[in-house]
Amino acid sequence: MNEGDPQLGAGTGLAARLDRTNELLQRMLVEVAKTPSTHAIFVDAGYVYAAAGLLVTGTEDRRSFDLDAEGLIDAFIDKARTIFADSRLLRVYWYDGARRRIHTAEQQAIAELPDVKVRLGNLNANNQQKGVDSLIRTDLESLARHRAISDAALVGGDEDLVSAVEAAQGYGARVHLWGIEAADGRNQAEPLLWEVDSQRTFDLDFCRPYVTRRPVTTYEDDTPAPSREDVRFVGAQVAAAWLAARGRDSLADLLPGRPYLPGSTDQDLLVEAERLLQCSLRGHAHLRRALRDGFWQHLQAQY
């Protein structure tokens with residue numbers, strides 16, 4: 001071939017384009033390398049209060065203890081700084097419930113902390129959080145989609161958070177589940193444990209400095225708590241109504257998860273049981289376990 005050969009000109013043009021493409025890729029890689037990784041911490045406050053309270057004081061009832069939220073948040077930030085050593089903190093998201101989504105004095109104090117964003121779901125008549133899981137999913141998904149974070153530390157345990165984890169991972173973020181040690185069994189749903197990229201559990205020594213039992217419990221009345229057998233019986237009653245309303249197909253879907261219940265089912269069970277018993281089971285972890293035992297015992301007998 002000579003200098004006028006069209007094949008030679010085409011080859012030269014292709015080589016030039018390849019060189020240009022490689023140059024652009026190298027520039028892009030340099031820019032990516034210079035961009036710091038970013039992490040955020042997502043805290044389900046309801047889970048933290050219940051799990052830390054039960055571990056340190058033996059009760060889930062918020063009225064029975066004080067939680068040093070500021071100190072605990074600082075501890076979470078320090079732990080993240082150690083784990084994500086080459087990453088910067090975007091902020092801490094603190095998810096809690098409140099009547100009509102109006103901040104309590106405690107929540108307002110937390111909201112005023114630097115690098116902390118308080119997000120409120122609703123709190124119903126039974127003091128149950130509503131809408132918190134959807135808030136977590138919205139924030140996780142949005143931050144991951146916009147590449148605002150590369151890593152998310154999620155402090156929670158509800159199975160309903162699985163969709164939030166999947167959404168964030170779909171955009172390339174890594175989700176790390178943080179939990180609080182359970183005195184008996186687990187306090188995090190297995191499907192959630194399976195889905196995350198890593199797991200970490202904080203023990204009693206970690207939690208003890210931030211939880212203090214209140215010496216005054218004047219809110220308590222003289223109404224005795226129901227017996228375990230009474231609660232188990234009510235659990236079976238609720239299971240019978242649940243099965244009649246949903247059918248055996250729903251039962252087949254539920255059984256593989258035993259002894260755990262999906263978050264929404266567990267909440268419905270608790271609300272209905274409290275209605276039938278005419279008393280609250282909050283702060284009585286052993287009675288709530290008896291309730292679930294009665295629920296499962298009836299369902300298994302029907303399968």
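A few comments on the model shown:
- Placing one equal scatterer on every Cα of the chain and applying the Debye formula, the log10 ratio I(q)/I(0) at q = 0.09, 0.11 Å⁻¹ is -0.54, -0.74.
- Pairwise label distance in nanometres, residue 115 with residue 244, each label 7 Å out on the Cα-Cβ vector: 5.5 nm
- Percent of alpha-carbon pairs separated by more than 21 Å within segment 59-142: 38 percent
- Shown here is the pair-distance distribution of segment 84-209: with all Cα-Cα distances grouped in 5 Å bins from zero up to the longest one, the shares run 2, 10, 18, 20, 22, 18, 9, 1, 0 percent.
- Calculated [222 nm] ellipticity per residue, helices only, for the chain: -16500 deg cm²/dmol; basis is -39500 (n - 2.57) per DSSP H run with n ≥ 4, divided by all residues, nearest 500.
- Cα-based helix-to-principal-axis angle, 6-34 vs the chain, degrees rounded to 10: 40 degrees
- Accessible surface of residue 77 - all protein chains present, 1.4 Å probe, nearest 10 Å²: 20 Å²
- Förster-model FRET efficiency, 45 Å R0, residue 293 and residue 145, C-beta, rounded to 0.05: 0.60
- Degrees separating the helix 228-246 axis from the principal Cα axis of the chain, which is the longest one: 60 degrees
- The chain: antiparallel DSSP beta bridges as a percent of all, rounded to 5: 15 percent
- Here the spin labels are modelled as points 7 Å beyond Cα on the Cα-Cβ line, and at residue 201 and residue 182 they lie 0.9 nm apart.
- The long axis of helix 263-277 is offset from the longest Cα principal axis of the chain by roughly 10 degrees.
- Available extension along the chain between residue 214 and residue 301 is 27.1 nm, counting 0.36 nm per residue and deducting the alpha carbon span.
- Note on residue 278/residue 81: beta-carbon distance plugged into 1/(1 + (r/R0)^6) with R0 of 35 Å gives a FRET efficiency of 0.15.
- Listed residues 267, 107, 278, most fluctuating in the chain (Gaussian network, C-alpha, under 10 Å): 278
- Relative contact order of segment 77-119, pairs being alpha-carbon contacts under 8 Å that are 6 or more residues apart, as %: 42 percent
- In the elastic network of the chain, a GNM with C-alpha springs shorter than 10 Å, the most mobile of 16, 40, 75 is 16.
- Area of residue 134 that stays accessible when all protein chains are in place (1.4 Å probe, Å², to 10): 70 Å²
- Two-site FRET efficiency, residue 138 against residue 19, from Cβ-Cβ distance with R₀ of 51 Å, rounded to 0.05: 0.70
The values are calculated or read from the model by the stated rules, or taken from the named source; none is laboratory data. Predicted model, so just to flag it, every value in this text is computed and none were measured. Cβ: placed from backbone, ideal geometry, glycine included. Neighbour counts: every protein chain shown. Keep in mind that these areas ignore ligands, DNA and RNA; they rest on the heavy atoms of the full protein, side chains included. Shrake-Rupley method; radii C 1.70, N 1.55, O 1.52, S 1.80 Å.
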